[in-house]
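Trainee: So that we are looking at the same thing, I have put the structure below in structure tokens.
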Amino acid sequence: MKPIPDHIEELADRLTASGHLSDPRWRELLHAVPRHLFAPPLAWVDGESGPDQLVDQSADENAWLTTVYSDTSITTQFDDGATPLEKGGENYTSSLSAPGIVIAFLELLDPMDHHRVLEIGTGTGWTAGLLAQRVGDHNVTSVEIDAALSADAGENLKAAGCSPRLVVADGADGWAAGGPYDRVHVTCGVREVPYAWVEQTRPGGRIVFPWVPGFAFGHQTRLAVTFGGRAIGRFAGNAGYMMLRSQRFERYAPAVEEDGEQTTTRLDPRTVTSDSYGCDVAIAALVPGLTSVEEDIGQGRTRLHLRDPDGSWALADHEPSRDDFAVAQAGPRRLWSEVEAAYLRWVSWGSPGRDQFGITITPDGQTLWLHSPDNPIRP
Ligand SMILES: C[S@@+](CC[C@H](N)C(=O)[O-])C[C@H]1O[C@@H](n2cnc3c(N)ncnc32)[C@H](O)[C@@H]1O
């Protein structure tokens with residue numbers, strides 16, 4: 001069987017090649033805090049549709065280690081723990097995040113030796129362990145909403161020789177008792193940044209989180225805290241994450257085409273969803289509340305599903321043989337029409353990329369902007 005340090009070196013090489021790892025200190029820390037100590041013996045990994053492949057350590061130790069040291073996330077909880085791990089399911093609620101995104105976020109966080117760090121979403125504890133090795137146990141507080149997960153993380157961290165402060169609480173409130181923090185590292189998806197995180201961060205301190213607005217994919221985001229208790233920053237890369245519990249999306253229920261107002265569009269729905277990440281940010285900013293799902297409906301056809309919590313929905317179908325495309329919409333809003341207008345507005349701005357957009361957090365809420373904070377995007 002391949003020795004663990006070899007698995008770790010190979011993983012670090014892959015993360016370097018993929019551009020996730022550039023600071024050699026994280027390579028050392030991958031050795032100091034071995035990932036297999038944070039993986040369950042039954043490892044659910046992604047197959048065709050979500051985490052549907054089970055790798056059992058007791059059945060094949062080698063396959064399990066190879067899985068653990070590949071760049072894949074491992075689902076560690078279903079239905080907030082109501083479904084046993086061995087049973088699996090569609091509603092996954094905690095995971096051991098994939099090494100690539102973990103290291104990418106740690107590099108974005110860029111903690112210094114003396115920094116006090118707050119992590120939101122302990123999970124099985126791997127990131128908390130890496131942080132504890134980086135800045136010292138006494139400087140790390142990690143908050144997890146689920147008591148059983150936090151207890152397991154405590155055991156895993158002990159096995160790795162780490163002892164950061166673990167707190168069971170709603171991380172949306174931060175953890176004021178451990179602050180002020182130099183760095184806040186959020187490891188669950190966020191639609192709206194809770195102001196508590198800004199309040200608990202020192203001026204000049206950083207907050208990193210996956211901004212997951214609901215339309216298309218999520219975005220790595222880094223904010224810095226500045227005058228007047230504001231946090232300002234830009235988007236940095238892709239990030240798909242389980243949501244902060246209070247900001248989860250409604251379970252998706254497909255709409256029925258015949259129930260909606262039927263029209264056609266000349267704008268190819270696939271253009272809207274695959275043009276650029278900058279386009280995704282613009283649409284999320286201009287069409288608040290929007291969530292989307294893309295579905296393969298066979299024979300080269302795709303269907304874009306759009307939703308709003310007020311009950312509005314729209315379907316837009318791409319069919320290869322057509323010059324225009326079928327649209328169905330219903331509810332208080334006309335979501336496809338809004339998305340179409342938002343897309344064309346983004347084109348009229350010169351199709352700016354994701355790095356041209358940013359976000360500002362104040363006590364009054366969050367504002368998205370284009371190019372600079374004094375150019376807010378209004379829906
Ligand atoms: C992707 S997992 C975290 C991965 C983990 N940091 C790691 O190193 O692998 C997201 C975690 O956030 C937790 N979570 C969700 N909402 C939360 C909240 N409001 N407060 C604290 N933790 C939360 C979930 O229970 C889950 O364990």
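Trainee: Every residue in segment 5-32 that is assigned to a helix (DSSP H, G or I) and either modelled with pLDDT under 95 or closer than 14 Å to residue 70 by Cβ (or both), please.
Mentor: Within segment 5-32, 6, 7, 8, 9, 10, 11, 12, 13, 14, 15, 17, 30 qualify.
Trainee: Contact list please: Cβ distance under 8 Å, first residue in segment 93-120 and free of Cβ contacts under 8 Å to residues at least 24 places away in the same chain, second residue among the β-branched types (Val, Ile, Thr) and more than 11 Å from the ligand (Cβ to nearest atom), pairs at least six apart or on different chains.
Mentor: 113/135
Trainee: Related question: If we scan segment 58-69, do we find a residue that is modelled with pLDDT under 95 and within 16 Å of the ligand (Cβ to nearest atom)?
Mentor: no
Okay, residues lined up against (1) touching a residue at least 60 places away in the same chain (Cβ under 8 Å); (2) under 30 Å from residue 109 (Cβ atoms):
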| site | (1), (2) |
| --- | --- |
| 218 | no, yes |
| 223 | yes, yes |
| 255 | yes, no |
| 266 | no, no |
| 281 | yes, yes |
| 326 | yes, no |
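Trainee: All but one of (1) away from the ligand (no atom under 12 Å from the Cβ); (2) closer than 23 Å to residue 233 by Cα hold for residue 103, so report the exception by its number.
Mentor: In the conditions (1) away from the ligand (no atom under 12 Å from the Cβ); (2) closer than 23 Å to residue 233 by Cα, residue 103 misses (1) alone.
Trainee: On to the next question. Kindly establish whether residue 123 is crowded, with 24+ Cβ neighbours inside 10 Å and either more than 9 Å from the ligand (Cβ to nearest atom) or assigned to a loop (DSSP other than H, G, I, E, B) (or both).
Mentor: Numbers: crowded, with 24+ Cβ neighbours inside 10 Å: yes; either more than 9 Å from the ligand (Cβ to nearest atom) or assigned to a loop (DSSP other than H, G, I, E, B) (or both): yes.
Considered against the rule, which asks whether it is crowded, with 24+ Cβ neighbours inside 10 Å and either more than 9 Å from the ligand (Cβ to nearest atom) or assigned to a loop (DSSP other than H, G, I, E, B) (or both), residue 123 comes out as yes.
Trainee: Can you name the condition, by its number, that residue 110 falls short on among (1) within 11 Å of the ligand (Cβ to nearest atom); (2) at positive phi?
Mentor: Status for residue 110: all satisfied but (1).
Trainee: For segment 65-91, what are the residues that are closer than 22 Å to residue 148 by Cβ and either buried (at least 19 other Cβ atoms within 10 Å of the Cβ) or of a type in the set (Asp, Glu) (or both)?
Mentor: Those that are closer than 22 Å to residue 148 by Cβ and either buried (at least 19 other Cβ atoms within 10 Å of the Cβ) or of a type in the set (Asp, Glu) (or both): 68, 73, 74, 75, 76, 77, 78, 79, 80, 86, 90.
Trainee: Residues in segment 36-46: is at least one surrounded by fewer than 20 Cβ atoms within 10 Å (Cβ to Cβ), small (Gly, Ala, Ser) and either within 20 Å of the chain's Cα centre (by Cα) or not assigned by TED's automatic domain parsing to the domain that holds residue 130 (or both)?
Mentor: Within segment 36-46, not a single residue is surrounded by fewer than 20 Cβ atoms within 10 Å (Cβ to Cβ), small (Gly, Ala, Ser) and either within 20 Å of the chain's Cα centre (by Cα) or not assigned by TED's automatic domain parsing to the domain that holds residue 130 (or both).
Residue-wise test of (1) in the same structural domain as residue 318 (by TED's automatic domain parsing); (2) of a type in the set (Phe, Trp, Tyr); (3) under 26 Å from the mean Cα position of the chain (by Cα).
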residue: 331; (1), (2), (3): yes, no, no
residue: 354; (1), (2), (3): no, no, yes
residue: 357; (1), (2), (3): no, yes, yes
residue: 361; (1), (2), (3): no, no, yes
residue: 368; (1), (2), (3): no, no, yes
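Trainee: A follow-up question, please. What do you reckon, is residue 248 out of contact with any helix residue (DSSP H, G or I) (no Cβ under 8 Å at 6 or more places or on another chain), more than 16 Å from the ligand (Cβ to nearest atom) and free of Cβ contacts under 8 Å to residues at least 40 places away in the same chain?
Mentor: In short, no.
Trainee: Somewhere in segment 98-113, is a residue over 30 Å from residue 229 (Cα atoms) and among the acidic types (Asp, Glu)? It would help to see each step written out before you state the result.
Mentor: Initial filter on segment 98-113 (over 30 Å from residue 229 (Cα atoms)): 98-100.
Filter once more, so that each one left must be among the acidic types (Asp, Glu): none.
Scanning segment 98-113 turns up no residue that is over 30 Å from residue 229 (Cα atoms) and among the acidic types (Asp, Glu).
Trainee: Let me ask something else about it. Which condition does residue 192 not pass, out of (1) among the charged types (D, E, K, R); (2) assigned to a helix (DSSP H, G or I); (3) in contact with a strand residue (DSSP E or B) (Cβ under 9 Å, 6 or more places away or on another chain), if it passes all the others?
Mentor: It fails just one condition, (2).
Trainee: Determine whether segment 78-88 contains at least one residue that is part of a helix (DSSP H, G or I), more than 15 Å from residue 183 (Cα to Cα) and free of Cβ contacts under 8 Å to residues at least 60 places away in the same chain. Quick ask: steps written out before the conclusion?
Mentor: Quick first cut of segment 78-88, residues part of a helix (DSSP H, G or I) only: 79-81.
Among the residues that remain, those that are also more than 15 Å from residue 183 (Cα to Cα) are: 79-81.
Narrowing further to those that are free of Cβ contacts under 8 Å to residues at least 60 places away in the same chain: 79.
Checked against the condition, which is being part of a helix (DSSP H, G or I), more than 15 Å from residue 183 (Cα to Cα) and free of Cβ contacts under 8 Å to residues at least 60 places away in the same chain, segment 78-88 yields at least one hit.
Trainee: If we only count helices (runs of 4 or more DSSP H) wholly inside segment 259-377, which ones have 3 or more residues that are closer than 21 Å to residue 193 by Cβ and either at pLDDT 95 or above or among the charged types (D, E, K, R) (or both)?
Mentor: Ranges flagged: 277-286.
Trainee: Which members of segment 139-196 meet the condition of being farther than 28 Å from residue 84 by Cα, near the ligand (Cβ under 10 Å from one of its atoms) and surrounded by 16 or more Cβ atoms within 10 Å (Cβ to Cβ)?
Mentor: 174, 175, 185, 194
The values are calculated or read from the model by the stated rules, or taken from the named source; none is laboratory data. It should be emphasised that the depicted structure is a prediction, and the values quoted were computed from it without experimental measurement. Please note: Cβ atoms are built from the backbone with ideal geometry, for glycine as well, and neighbour counts cover all protein chains shown.
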